[in-house]
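As C-alpha coordinates, the structure follows; a few thoughts come after it.
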Amino acid sequence: MSIITDWTAEKAASLTKANLGFDHGLHERPMFNDEGLISLLDRYPRDKLGVFTMGHDPVDWQSWRRGSAGDLSGEELLRAAQEGRIWLNLRHANDYLPEYAALEEEIFAEKRAHAGIKTFKRDLGMLISSANAQVFYHLDVPLVSLWQLRGQKKVWVYPVAEPCVGAEQLERVVLKETAEQLAFRLDMDAEAEVFDLTPGKMVTWRQNAPHRIENGPMLNVSLSVEFMTPTALMRANVLYANGVMRKAGVRPRVQQAPHPTALAKIAFARAAKMSGMTKTFERSLPETFRLDGQRLSA
(Lines give C-alpha, C1' and ligand atoms only; values in the text may rest on other atoms or scores of the structure.)
Protein backbone atom coordinates (compact mmCIF):
# COMPACT_ATOMS: atom_id res chain seq x y z
CA MET A 1 0.00 0.00 0.00
CA SER A 2 1.33 3.45 -0.92
CA ILE A 3 2.39 5.89 1.79
CA ILE A 4 0.91 8.74 -0.29
CA THR A 5 -2.77 8.10 -0.90
CA ASP A 6 -3.60 10.68 -3.57
CA TRP A 7 -1.05 10.21 -6.35
CA THR A 8 -2.22 11.46 -9.75
CA ALA A 9 -0.42 11.57 -13.07
CA GLU A 10 -0.32 15.37 -12.82
CA LYS A 11 1.23 15.33 -9.35
CA ALA A 12 3.78 12.71 -10.36
CA ALA A 13 4.83 14.80 -13.36
CA SER A 14 5.08 18.00 -11.26
CA LEU A 15 7.01 16.52 -8.33
CA THR A 16 10.18 18.59 -7.66
CA LYS A 17 9.00 21.23 -10.17
CA ALA A 18 6.08 22.84 -8.29
CA ASN A 19 4.61 23.43 -4.85
CA LEU A 20 2.36 20.44 -4.12
CA GLY A 21 0.23 19.12 -1.30
CA PHE A 22 -0.32 15.38 -0.72
CA ASP A 23 -2.22 13.07 1.64
CA HIS A 24 -0.30 10.28 3.41
CA GLY A 25 -0.73 7.61 6.08
CA LEU A 26 2.48 7.90 8.10
CA HIS A 27 0.75 9.57 11.04
CA GLU A 28 -1.01 6.28 11.83
CA ARG A 29 2.24 4.42 12.54
CA PRO A 30 3.06 3.69 16.20
CA MET A 31 6.69 4.81 15.78
CA PHE A 32 5.37 8.39 16.08
CA ASN A 33 3.37 8.02 19.32
CA ASP A 34 4.82 9.18 22.65
CA GLU A 35 6.59 5.89 23.30
CA GLY A 36 8.11 5.90 19.82
CA LEU A 37 9.31 9.50 20.18
CA ILE A 38 10.84 8.82 23.59
CA SER A 39 12.71 5.84 22.16
CA LEU A 40 13.88 7.98 19.24
CA LEU A 41 15.16 10.72 21.55
CA ASP A 42 16.91 8.21 23.79
CA ARG A 43 18.72 6.50 20.90
CA TYR A 44 19.50 9.41 18.57
CA PRO A 45 23.12 10.65 18.97
CA ARG A 46 22.93 13.43 21.54
CA ASP A 47 25.79 15.39 19.94
CA LYS A 48 23.78 15.58 16.69
CA LEU A 49 20.55 16.82 18.28
CA GLY A 50 19.58 20.37 17.32
CA VAL A 51 17.91 22.25 20.18
CA PHE A 52 16.50 25.71 19.49
CA THR A 53 14.23 28.36 20.92
CA MET A 54 12.93 31.56 19.38
CA GLY A 55 10.91 34.74 19.88
CA HIS A 56 7.34 35.40 18.82
CA ASP A 57 7.83 38.08 16.13
CA PRO A 58 8.10 36.41 12.66
CA VAL A 59 10.34 39.28 11.49
CA ASP A 60 12.85 38.89 14.35
CA TRP A 61 14.84 35.94 12.99
CA GLN A 62 17.82 36.94 15.16
CA SER A 63 15.88 35.65 18.18
CA TRP A 64 16.57 32.10 16.92
CA ARG A 65 18.88 30.62 19.58
CA ARG A 66 20.73 27.33 19.81
CA GLY A 67 20.95 25.34 23.02
CA SER A 68 21.91 22.02 24.55
CA ALA A 69 19.81 19.13 25.80
CA GLY A 70 22.45 18.04 28.29
CA ASP A 71 21.78 14.61 29.72
CA LEU A 72 17.98 14.80 29.78
CA SER A 73 16.23 11.54 29.02
CA GLY A 74 14.00 11.11 26.00
CA GLU A 75 10.95 11.37 28.24
CA GLU A 76 12.21 14.64 29.73
CA LEU A 77 12.98 16.05 26.29
CA LEU A 78 9.50 15.22 25.03
CA ARG A 79 8.01 16.88 28.12
CA ALA A 80 10.14 19.98 27.50
CA ALA A 81 8.74 20.16 23.96
CA GLN A 82 5.19 19.67 25.25
CA GLU A 83 5.47 22.39 27.90
CA GLY A 84 8.10 24.86 26.64
CA ARG A 85 8.97 26.80 23.51
CA ILE A 86 11.59 24.70 21.77
CA TRP A 87 12.29 23.13 18.40
CA LEU A 88 14.10 19.77 18.36
CA ASN A 89 15.74 18.90 15.03
CA LEU A 90 16.95 15.32 14.56
CA ARG A 91 18.63 15.46 11.15
CA HIS A 92 19.72 12.33 9.28
CA ALA A 93 17.77 9.99 11.56
CA ASN A 94 18.02 7.54 8.64
CA ASP A 95 21.79 7.37 9.16
CA TYR A 96 21.56 6.41 12.85
CA LEU A 97 18.39 4.37 13.42
CA PRO A 98 17.40 1.30 11.37
CA GLU A 99 13.65 1.95 11.34
CA TYR A 100 14.26 5.42 9.90
CA ALA A 101 16.63 3.99 7.30
CA ALA A 102 13.86 1.57 6.31
CA LEU A 103 11.35 4.44 6.14
CA GLU A 104 13.73 6.42 3.92
CA GLU A 105 13.94 3.48 1.50
CA GLU A 106 10.16 3.10 1.52
CA ILE A 107 9.50 6.78 0.81
CA PHE A 108 12.00 7.09 -2.01
CA ALA A 109 11.09 3.76 -3.60
CA GLU A 110 7.55 5.09 -3.87
CA LYS A 111 8.71 8.39 -5.39
CA ARG A 112 10.77 6.47 -7.90
CA ALA A 113 7.87 4.15 -8.77
CA HIS A 114 5.31 6.94 -9.24
CA ALA A 115 7.39 9.86 -10.50
CA GLY A 116 10.42 8.12 -11.95
CA ILE A 117 12.88 10.40 -10.15
CA LYS A 118 16.39 9.43 -9.13
CA THR A 119 17.34 10.77 -5.69
CA PHE A 120 20.48 10.91 -3.56
CA LYS A 121 21.96 12.92 -0.64
CA ARG A 122 18.88 11.92 1.35
CA ASP A 123 18.27 13.38 4.81
CA LEU A 124 15.25 12.04 6.67
CA GLY A 125 14.92 14.12 9.83
CA MET A 126 12.42 14.37 12.65
CA LEU A 127 11.07 17.67 13.99
CA ILE A 128 9.53 17.73 17.47
CA SER A 129 8.40 21.22 18.42
CA SER A 130 6.35 23.12 20.96
CA ALA A 131 2.98 24.80 20.71
CA ASN A 132 3.15 28.09 18.76
CA ALA A 133 6.86 27.65 17.95
CA GLN A 134 8.02 28.94 14.58
CA VAL A 135 10.78 28.61 12.00
CA PHE A 136 11.76 31.92 10.45
CA TYR A 137 11.82 32.83 6.77
CA HIS A 138 14.64 30.91 5.07
CA LEU A 139 15.46 28.70 2.11
CA ASP A 140 17.17 25.34 1.61
CA VAL A 141 19.63 24.27 -1.08
CA PRO A 142 18.17 20.73 -1.53
CA LEU A 143 14.62 19.77 -2.39
CA VAL A 144 12.36 19.37 0.66
CA SER A 145 9.14 17.64 1.67
CA LEU A 146 7.45 18.20 5.04
CA TRP A 147 5.18 15.46 6.40
CA GLN A 148 2.83 16.33 9.27
CA LEU A 149 2.44 13.55 11.85
CA ARG A 150 0.98 15.23 14.95
CA GLY A 151 -0.43 18.68 15.62
CA GLN A 152 -1.12 21.48 13.16
CA LYS A 153 1.15 23.98 11.46
CA LYS A 154 0.94 26.60 8.75
CA VAL A 155 3.57 26.83 6.02
CA TRP A 156 4.07 29.88 3.80
CA VAL A 157 5.96 29.11 0.57
CA TYR A 158 7.22 32.07 -1.47
CA PRO A 159 8.36 32.42 -5.10
CA VAL A 160 12.01 31.88 -6.01
CA ALA A 161 12.20 35.43 -7.33
CA GLU A 162 12.37 39.07 -6.33
CA PRO A 163 11.19 40.54 -3.99
CA CYS A 164 11.24 37.30 -1.98
CA VAL A 165 14.80 36.28 -2.81
CA GLY A 166 17.41 37.71 -5.15
CA ALA A 167 20.14 35.99 -7.11
CA GLU A 168 22.92 37.24 -4.83
CA GLN A 169 21.08 36.01 -1.72
CA LEU A 170 20.70 32.57 -3.28
CA GLU A 171 24.36 32.43 -4.20
CA ARG A 172 25.51 33.42 -0.72
CA VAL A 173 23.44 30.62 0.82
CA VAL A 174 24.84 28.06 -1.64
CA LEU A 175 28.38 29.29 -0.97
CA LYS A 176 27.65 28.97 2.78
CA GLU A 177 28.71 32.56 3.33
CA THR A 178 25.48 33.29 5.16
CA ALA A 179 22.87 31.42 7.15
CA GLU A 180 19.77 30.12 5.41
CA GLN A 181 17.68 32.81 7.14
CA LEU A 182 16.70 35.79 4.97
CA ALA A 183 15.38 39.24 5.75
CA PHE A 184 11.59 39.16 5.89
CA ARG A 185 8.71 41.66 5.84
CA LEU A 186 5.12 40.75 6.65
CA ASP A 187 3.90 42.31 3.39
CA MET A 188 5.77 39.53 1.55
CA ASP A 189 3.04 37.14 2.72
CA ALA A 190 0.94 38.45 -0.17
CA GLU A 191 3.33 36.58 -2.50
CA ALA A 192 3.08 33.27 -0.64
CA GLU A 193 1.17 30.05 -1.21
CA VAL A 194 -0.15 28.90 2.18
CA PHE A 195 -0.50 25.27 3.28
CA ASP A 196 -2.35 24.23 6.44
CA LEU A 197 -0.84 20.96 7.62
CA THR A 198 -2.67 18.49 9.84
CA PRO A 199 -1.79 14.84 10.51
CA GLY A 200 -1.77 13.00 7.20
CA LYS A 201 -0.82 16.05 5.09
CA MET A 202 2.48 16.63 3.28
CA VAL A 203 3.80 19.58 1.30
CA THR A 204 6.77 19.79 -1.04
CA TRP A 205 7.99 22.87 -2.85
CA ARG A 206 10.25 24.10 -5.62
CA GLN A 207 13.98 24.00 -4.98
CA ASN A 208 15.26 27.07 -3.09
CA ALA A 209 11.74 28.38 -2.41
CA PRO A 210 11.81 30.60 0.71
CA HIS A 211 9.38 29.50 3.39
CA ARG A 212 8.43 29.96 7.02
CA ILE A 213 6.44 27.88 9.50
CA GLU A 214 4.20 28.54 12.50
CA ASN A 215 2.88 25.81 14.79
CA GLY A 216 -0.63 25.66 16.11
CA PRO A 217 -1.33 25.67 19.88
CA MET A 218 -0.17 22.09 20.49
CA LEU A 219 2.86 19.80 20.25
CA ASN A 220 3.92 19.29 16.64
CA VAL A 221 5.71 16.30 15.15
CA SER A 222 6.83 16.34 11.52
CA LEU A 223 9.10 14.46 9.18
CA SER A 224 11.44 16.69 7.15
CA VAL A 225 12.90 14.99 4.08
CA GLU A 226 15.67 16.66 2.08
CA PHE A 227 17.10 15.20 -1.09
CA MET A 228 18.76 15.95 -4.38
CA THR A 229 18.01 14.90 -7.93
CA PRO A 230 20.47 15.23 -10.82
CA THR A 231 18.64 18.39 -11.94
CA ALA A 232 18.64 19.86 -8.42
CA LEU A 233 22.35 19.18 -7.99
CA MET A 234 23.09 20.82 -11.34
CA ARG A 235 21.14 23.92 -10.26
CA ALA A 236 23.06 24.08 -6.97
CA ASN A 237 26.36 23.91 -8.88
CA VAL A 238 25.28 26.63 -11.32
CA LEU A 239 24.40 28.89 -8.37
CA TYR A 240 27.73 28.09 -6.74
CA ALA A 241 29.61 28.98 -9.94
CA ASN A 242 27.58 32.18 -10.29
CA GLY A 243 28.50 33.19 -6.75
CA VAL A 244 32.21 32.72 -7.47
CA MET A 245 31.92 34.60 -10.77
CA ARG A 246 30.04 37.49 -9.15
CA LYS A 247 32.95 37.98 -6.76
CA ALA A 248 35.15 38.44 -9.82
CA GLY A 249 32.90 41.22 -11.13
CA VAL A 250 30.75 39.18 -13.50
CA ARG A 251 26.94 39.51 -13.47
CA PRO A 252 25.87 35.91 -14.18
CA ARG A 253 22.45 34.43 -14.89
CA VAL A 254 21.03 31.04 -13.93
CA GLN A 255 20.87 28.63 -16.87
CA GLN A 256 19.19 25.26 -16.76
CA ALA A 257 21.13 22.17 -17.91
CA PRO A 258 21.65 20.89 -20.55
CA HIS A 259 22.34 24.46 -21.71
CA PRO A 260 26.06 24.56 -22.68
CA THR A 261 26.75 27.49 -20.34
CA ALA A 262 25.15 25.61 -17.44
CA LEU A 263 27.29 22.55 -18.15
CA ALA A 264 30.42 24.71 -18.21
CA LYS A 265 29.42 26.29 -14.88
CA ILE A 266 28.88 22.86 -13.32
CA ALA A 267 32.41 21.86 -14.31
CA PHE A 268 33.75 25.18 -13.01
CA ALA A 269 31.95 24.78 -9.66
CA ARG A 270 33.38 21.30 -9.15
CA ALA A 271 36.88 22.53 -10.00
CA ALA A 272 36.50 25.50 -7.62
CA LYS A 273 35.43 23.23 -4.75
CA MET A 274 38.27 20.78 -5.35
CA SER A 275 40.91 23.49 -5.68
CA GLY A 276 39.89 25.32 -2.51
CA MET A 277 39.83 28.61 -4.43
CA THR A 278 36.69 29.55 -2.52
CA LYS A 279 36.64 29.55 1.22
CA THR A 280 33.28 28.41 2.50
CA PHE A 281 32.15 27.97 6.07
CA GLU A 282 29.20 26.61 7.98
CA ARG A 283 27.63 29.27 10.15
CA SER A 284 27.28 27.75 13.60
CA LEU A 285 25.24 29.47 16.27
CA PRO A 286 26.83 29.41 19.73
CA GLU A 287 25.00 27.55 22.48
CA THR A 288 23.30 30.15 24.65
CA PHE A 289 21.01 28.01 26.83
CA ARG A 290 20.67 24.55 28.30
CA LEU A 291 17.50 22.55 28.83
CA ASP A 292 17.02 21.88 32.53
CA GLY A 293 13.90 19.81 32.97
CA GLN A 294 11.14 22.06 31.68
CA ARG A 295 13.19 25.30 31.86
CA LEU A 296 15.73 27.08 29.70
CA SER A 297 18.89 27.96 31.60
CA ALA A 298 21.29 30.59 30.23
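The values are calculated or read from the model by the stated rules, or taken from the named source; none is laboratory data. Since the structure is predicted, the reported quantities are computational estimates derived from the model, not experimental observations. Methodologically, a virtual Cβ is constructed for each residue, glycine included, from the backbone with ideal geometry; neighbour enumeration extends over all protein chains shown. Note: areas computed on protein heavy atoms with side chains; ligands, DNA, RNA excluded. Shrake-Rupley method; radii C 1.70, N 1.55, O 1.52, S 1.80 Å.
Within the range 66-87, can you find the residues that are among the hydroxyl-bearing types (Ser, Thr, Tyr) and not in a strand (DSSP E or B)?
SER73
Please go through the range 56-71 and pick out each residue that is open to solvent by less than 40 Å² (accessible area, probe 1.4 Å) and in contact with a Lys or Arg (Cβ under 9 Å, 6 or more places away or on another chain).
PRO58, GLY67, SER68, ALA69, GLY70
Which of the residues belonging to the range 80-102 are in contact (Cβ under 8 Å) with a residue 60 or more places away in the chain and aliphatic (A, V, I, L, M)?
Passing the criteria: ALA80, ALA81, ILE86.
Taking ARG150 as the residue in question, decide whether it is at pLDDT 95 or above and open to solvent by 50 Å² or more (accessible area, probe 1.4 Å).
Criteria met by ARG150.
Return yes when LEU77 is within 27 Å of ALA232 (Cβ to Cβ), surrounded by 16 or more Cβ atoms within 10 Å (Cβ to Cβ), of a type in the set (A, V, I, L, M, F, W, C) and in contact (Cβ under 8 Å) with a residue 12 or more places away in the chain and no when it is not.
Against the criterion (within 27 Å of ALA232 (Cβ to Cβ), surrounded by 16 or more Cβ atoms within 10 Å (Cβ to Cβ), of a type in the set (A, V, I, L, M, F, W, C) and in contact (Cβ under 8 Å) with a residue 12 or more places away in the chain), LEU77 does not qualify.
Given PRO230, PRO159, PRO217, PRO210, which one is more than 18 Å from the chain's Cα centre (by Cα) and more than 30 Å from ASP34 (Cα to Cα)?
None of the others qualify; the one that does is PRO230.
Checking PHE108 against (1) without any contact (Cβ under 8 Å) to a residue 24 or more places away in the chain; (2) in contact with a Ser or Thr (Cβ under 7 Å, 6 or more places away or on another chain); (3) not in a loop (DSSP other than H, G, I, E, B), which test does it fail?
(1)
Could you list, in sequence order, the residues of the range 35-75 that are under 19 Å from the mean Cα position of the chain (by Cα), farther than 25 Å from PRO217 by Cβ and among the basic types (Lys, Arg)?
Within the range 35-75, LYS48 is the sole residue that qualifies.
Taking into account only those residues within the range 1-45 that are among the β-branched types (Val, Ile, Thr) and part of a loop (DSSP other than H, G, I, E, B), which is most open to solvent (accessible area, probe 1.4 Å)?
Here the residue is THR5.
Do we have ASP196 as assigned to a helix (DSSP H, G or I), modelled with pLDDT of 95 or more and either farther than 17 Å from HIS27 by Cα or open to solvent by 20 Å² or more (accessible area, probe 1.4 Å) (or both) here?
So ASP196 does not fit the description; no.
Within the range 168-191, count every residue that is out of contact with any Ser or Thr (no Cβ under 9 Å at 6 or more places or on another chain) and either closer than 21 Å to SER63 by Cβ or open to solvent by 50 Å² or more (accessible area, probe 1.4 Å) (or both).
Total satisfying the criteria: 16.
To keep it simple, each residue is scored yes or no on (1) in contact with an Asp or Glu (Cβ under 7 Å, 6 or more places away or on another chain); (2) modelled with pLDDT of 95 or more.
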| position | (1), (2) |
| --- | --- |
| SER224 | no, yes |
| GLN255 | no, no |
| PRO260 | no, no |
| LEU263 | no, no |
| MET277 | no, no |
| GLY293 | yes, no |
